[in-house]
Structures are given as structure tokens and as C-alpha cells.
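The values are calculated or read from the model by the stated rules, or taken from the named source; none is laboratory data. These figures come from a predicted structure and were not determined experimentally. Cβ placement follows ideal geometry from the backbone for every residue including glycine, while neighbour counts extend to all protein chains displayed. Only protein heavy atoms, including side chains, enter the accessible area calculation; ligands, DNA and RNA are left aside. Shrake-Rupley method; radii C 1.70, N 1.55, O 1.52, S 1.80 Å.
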Number of protein chains: 2
Amino acid sequence: MARAATTSDAFNAVAEPRRRAILNYLAMQERPVGEIVDSLGLEQPSVSKHLRVLLEVGLVNVRRDGRRMLYRTNAEAIRPLHEWTETFERFWRHQLSRIKERAEGKSNPPKDSGPHFIPRRKHDYDGNKN
Amino acid sequence: MARAATTSDAFNAVAEPRRRAILNYLAMQERPVGEIVDSLGLEQPSVSKHLRVLLEVGLVNVRRDGRRMLYRTNAEAIRPLHEWTETFERFWRHQLSRIKERAEGKSNPPKDSGPHFIPRRKHDYDGNKN
DNA sequence: TTGACATATTCCTATATAGGAATGTATTGT
DNA sequence: ACAATACATTCCTATATAGGAATATGTCAA
């Protein structure tokens, strides 16, 4: 199977950075499509398509004003994401304090060096050809 | 172009529901792959693949313990998502109070009926054939 | 009614999955 | 050294984009 549709839920919809940019832009007040296009520097059809996705998952609302369509972020629909991430808040607090403790006890703090892949042990490189 | 890779950032990685389930499961304590498989009822190769994605974006850490690999959620990596959603918190608070005001002033509260598509006006259906 | 303006949709395509099946790799106990 | 255990990776495929280009649809003004 392929990935779930972008319209399947808010998590999938906001995975696209431009859609997040649009949501940010439309949070304060409603705006017509043209302004989104100009402000974010995207192609008009692209904006329309992103708005369609956002609309389908309820992340934005629309209202017609003459020939323009006024879109606006529906913040309420972002709440589930906020709540999911929130359940991890206490964990990163714990992790931070642990890191702090170490930093105080030693010099040269571990210095998070990005994703930590586990090296394979396939060979020992101990000089023995085996 | 296709959608961005699931490994391009945390937003894309957590769009998949099973990966969120895994993150939830691994938040409290590290666990070997086998336990994830049993507890969440997923196929082992599937779990391994999801873990790989999560590892690449730094959402989990690993550590080897004999023949087992102990994975654990790196809550810190979820923080950016939390912070992004947080910027909308004040908006949904405002929206809620507005809704409350209406609910108190009138009977029949609007009753959120899901995504609100704007009906096309193409035809008026007013009885006139044109 | 016609033209201009504002948006939406369709078509086409390269790319990236996610799942299932099969297989590869690493590590320990004996 | 070998079997068993625990994971990871590869292969294959149906599906879903996201962007660009072209076009359709809707609405207002004269």
C-alpha cells in the first residue's frame, strides 16, 4: 500500500511545509487566495490545491466574498496534534534534567550529534583475518 | 513531484499512525523490537521499517543489548511539533469563546457539521430554465 | 452579453511509500 | 562450529501525491 492520503487526517495534511505556512498565514485573519499566492510566493493552482486538502480535513474554513474566496485557519482542528505532542512534554522535561545533571558533573557535555545509528559489528577490524 | 520523504522531518514521520503508536509505546521506557511487535500486533518487518524511519529523523534512539535492539522515544525530537501547534493555541481559545457567546445568546448552537465546503452556485434551481 | 478577474480543476509524470513475502545478518548458547 | 533467536533489508506492487501547464468555472462591471 501507499502512504495514507494527505486528506486522511490533520497529521497527514500538515506534513507538507507549504500547508503549514498557509495555516500560519491564515491564523490571524481570513484572506483571499490571491493574497496567499502573493505573500507566500507560490503558484496559484498550487495554493488552490493545498487549500482543498486543508479544507477537506477541516483545517480551514471558506466564505465567498464576491469573486473571491476568503479562507481562514480553523485552529480547533489543530488541537488534536497539540494534544498528541503534549503527552510527550513531561518526557522531554525529564530528559533535559538528566542531560543537565550530566553537564554539571562532567565537562564536555555529550553534544547531541544528530540521529544515532548503531554501527554494525560485522567485522571487528582487530587485525585478525580470521 | 511526489510527497516529501517520510524521513525528511518529524512532521512527515509522525503522519503515519503506527509510527505514532510506536512512539507512544516507547515513551515510558526502552523496549526490544519483539515487544513492540507483540504489544502493537504488527508484523516484525513492518516494525523494523517504521523504526528505521523514526531513527533517521531522530525520534527514537537505539542501543544494543545482546541480540536485541532496545529502542526508546526521543521526546526532545517531538518538541518542534509541539511548538508549532502551540502557536495556534490562543486562536482556538478565542474561537471557543466566540462560540460560547453565540451559544448563550441563541438557541440551536451552530453544531459543527464537519468540513464546510462551499456549494457551487452553478445553477440556481429556482425554476427558471435559464 | 462580453471581458476581465479570481479560483478551481484536470492532465501528466516522477517519486515515495507501506505492506507482504522472502531472505539476509548479527549474536548467543551449547 | 551450529542451531536458534532477534532484527534488518530487499523485492515487488498498488497507490497517492505535488508541481507545472493548460483549461474550466464562477462572478462582477460596463
### Task
Please work out which residue is nearest to the chain's Cα centre (by Cα), limiting yourself to the stretch A:62-83 and to residues that are within 11 Å of another protein chain (Cβ to nearest Cβ) and free of Cβ contacts under 8 Å to residues at least 24 places away in the same chain.
A:HIS82
### Task
Could you check B:MET1 against (1) closer than 23 Å to A:PHE91 by Cβ; (2) of a type outside the set (S, T, N, Q); (3) within 12 Å of DNA strand C (Cβ to nearest atom) and say which number it fails?
(1)
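In the list B:ILE22, B:ILE36, which residue meets the criterion of being more than 8 Å from DNA strand C (Cβ to nearest atom), more than 17 Å from A:TRP84 (Cβ to Cβ) and either more than 9 Å from chain A (Cβ to nearest Cβ) or out of contact with any helix residue (DSSP H, G or I) (no Cβ under 6 Å at 6 or more places or on another chain) (or both)? It would help to see each step written out before you state the result.
Working: B:ILE22 fails: more than 17 Å from A:TRP84 (Cβ to Cβ).
Only one candidate qualifies: B:ILE36.
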## Note on the structure
A careful count of residues in the stretch A:15-56 that are of a type outside the set (D, E, K, R) and near DNA strand D (Cβ under 10 Å from one of its atoms) gives 10
### Query
Among the residues of the stretch A:39-51, is there at least one that is surrounded by 14 or more Cβ atoms within 10 Å (Cβ to Cβ), within 12 Å of another protein chain (Cβ to nearest Cβ) and farther than 26 Å from B:LEU59 by Cβ?
yes
### Query
If you take the residues in the stretch A:63-81 that are open to solvent by 10 Å² or more (accessible area, probe 1.4 Å) and assigned to a strand (DSSP E or B), which one is farthest from DNA strand C (Cβ to nearest atom)?
A:ARG72
### Task
Quick one: which residue in B:GLU30, B:GLU43, B:GLU83 is under 25 Å from A:ARG18 (Cα atoms) and of a type in the set (Asp, Glu)?
B:GLU83
